[in-house]
Amino acid sequence: MIQFPNIASIYNEYMDTLYSYALHLGFDEQTAMDAIHDVFYKLCTHHSSLNEINNLKSYLFRSLRNRLIDIKRINRENTTHFIGTDNEQEVLPFQLHVTIEDKLIMEEDVEEIRQKVENVLSRLTDRQREIVYLRYIKEQSYEEIAEIMQISVAACRNLISKSIARLKESSLTIALLLLVIN
């Protein structure tokens, strides 16, 4: 097993990435921070189990995702968009927002590009947007994504393939799409 640094250094290393992931899953800033703190509280109280974790980053992403699903279930009466039963995967609305780098701003009409990219991203399902984010923005391996999203590696590869195929249908290049989303 891997030897891990102390909890504080783990928190400092992964907090921003986890926070960004929670926001992309459609949660507000306070809920995102509460869920992250819940994950790290669990790590602190079950510190001896750290040695049983093979991939810390995937474990943290999966733990955060599961905690956010729990929060969503608790608040279900306030939300009609949440879908899920005991027999199917819980679905969180995954959001990717468009940003434009300064160099690109000088070269292109920002609003036109943003609208085109938003249009292309809107053709993807929530799970497709989430898997594109994890694979190409957070550079997670197929195995890590499968663990985070609690699907098989084969299902992960299939979902990424379908997502890329749908992105290729647009007139925009995939490189441009990945450049402007955050």
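The values are calculated or read from the model by the stated rules, or taken from the named source; none is laboratory data. The structure presented is a predicted model; accordingly, all values stated were derived computationally and were not measured. Here Cβ is always computed from backbone atoms with ideal geometry, including for glycine, and neighbour counts include all displayed protein chains.
Scanning the range 4-41 for residues that are within 30 Å of Gln128 (Cα to Cα) and either in contact with a Ser or Thr (Cβ under 7 Å, 6 or more places away or on another chain) or in a loop (DSSP other than H, G, I, E, B) (or both) returns Leu25, Gly26, Phe27, Asp28, Val39. Val39 meets each of the listed conditions (1) farther than 18 Å from Arg127 by Cα; (2) modelled with pLDDT under 90 apart from (2).
Can Ser49 be described as surrounded by fewer than 16 Cβ atoms within 10 Å (Cβ to Cβ), small (Gly, Ala, Ser), modelled with pLDDT under 90 and under 14 Å from the mean Cα position of the chain (by Cα)? For Ser49, the condition - surrounded by fewer than 16 Cβ atoms within 10 Å (Cβ to Cβ), small (Gly, Ala, Ser), modelled with pLDDT under 90 and under 14 Å from the mean Cα position of the chain (by Cα) - is not met.
Scan the range 52-90 for residues that are of a type in the set (A, V, I, L, M), at pLDDT below 60 and loosely packed, with under 12 Cβ neighbours inside 10 Å and the total you get is 0.
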